[in-house]
1. Filter segment 35-48 down to the residues that are surrounded by 13 or more Cβ atoms within 10 Å (Cβ to Cβ) and outside any strand (DSSP E or B) and list them by number.
2. Which residues, taken from segment 49-92, are loosely packed, with under 11 Cβ neighbours inside 10 Å, of a type in the set (A, V, I, L, M) and more than 29 Å from ILE25 (Cα to Cα)?
3. Is there a residue being in contact with a Phe, Trp or Tyr (Cβ under 7 Å, 6 or more places away or on another chain), polar (S, T, N, Q) and closer than 30 Å to CYS178 by Cα anywhere in segment 76-96?
4. Scan (1) under 27 Å from the mean Cα position of the chain (by Cα); (2) modelled with pLDDT under 90 for the single condition GLY169 breaks and write down its number.
5. Please go through segment 90-147 and pick out each residue that is more than 32 Å from the chain's Cα centre (by Cα) and free of Cβ contacts under 8 Å to residues at least 40 places away in the same chain.
6. Kindly indicate whether GLU195 is surrounded by 11 or more Cβ atoms within 10 Å (Cβ to Cβ) and under 30 Å from GLY122 (Cβ atoms).
7. Can you tell me which residue among ILE119, ILE100 is surrounded by 11 or more Cβ atoms within 10 Å (Cβ to Cβ), at pLDDT 90 or above and not assigned by TED's automatic domain parsing to the domain that holds GLY161?
Amino acid sequence: MKKINLFVLMFVIVVLLMATALSQISPITSVVSKTSQATPTISIEQQETCTTSFYDEIQPLYGDCTYYNNYTLCLNTSGSNTACSPQQSTWNFQCKTGEITFARNLTECKPHDKFIVSINKGAVVEKKEIDFSQWGACIQNTENNCLIVTCVSNEDGAFKGQFTDCKGGKSCQKFEICDNKVRVFYKNSREDFVEEDPTFYLSKLALMEVGK
C-alpha cells in the first residue's frame, strides 16, 4: 500500500512540474496562409500571423469535509449545571480541499493587410497583389464569376481600421477581377462606383504584378 501511495504522489508531482514547465514557454509565433477559391480560375490568398501563448489555469479541488461541534450537555438532575457530559455532533459537507494547475494555451491570429490574387489562364498563372496596409480596410466577395475586392479608406470611411460600408460620402475603391480583364472603380461624394470620380482625392490603391 505504501508503494502505491508513493507512486501516486510521484505521478502528481510530475504532472505539476510539467504544467509549470509548459506555462513558462515563450509565445510561439508562426505565419500561415489561407487560400480560398473565388471562381474556378481565380483564387485569393491572405497570410496571417498566429501567436500561441501558454498560461496556467488554477481550478479548485472539492471533497468531503466534516464539521465537529463540541458542546456540553447538562441534565440538571440535582440543580443547575449538574449531570453534565461532553457531547459532539458532526456535519458532512462538500468543501474546497486544494487546487490543481492545468497548462493551457491560447492561439490568436491577425490577418495581414494584403491579398494575393491568382488567375489561372491555363499555361500561366498571373499573380496580383493588393497591399492595403497603409490605405484602409478591404473585403472580398464574388459577383458574375468575378472576384470583387472593395476597400474603404482609413482617412475617409473606415472605423478604427475596420470595414464598415461605402455609403455617405466615404472614399472607396473597388477591384473587379475577372478571367480576361481587371477593372478598377472609385467613389467619394457619389453613391455609385465609377471608373473616374473627380471627387476621389486620395492616393489610389495599386494592383501590383507579383510574378507568374
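1. ALA38, THR39, THR41
2. Correct list: LEU73, LEU75.
3. No, because not a single residue in segment 76-96 is in contact with a Phe, Trp or Tyr (Cβ under 7 Å, 6 or more places away or on another chain), polar (S, T, N, Q) and closer than 30 Å to CYS178 by Cα.
4. Every listed condition holds for GLY169 apart from (1).
5. THR90, TRP91, ASN92, PHE93, GLN94, CYS95, LYS96, THR97, GLY122, ALA123, ASN144 - these are the residues of segment 90-147 that are more than 32 Å from the chain's Cα centre (by Cα) and free of Cβ contacts under 8 Å to residues at least 40 places away in the same chain.
6. Criteria not met by GLU195.
7. Answer to the check: ILE100.
The values are calculated or read from the model by the stated rules, or taken from the named source; none is laboratory data. What you are looking at is a predicted structure, and each value in this text was computed from that prediction instead of being measured. A quick note on method: Cβ atoms are made from the backbone with ideal geometry, for glycine too, and the neighbour counts reach across all protein chains shown.
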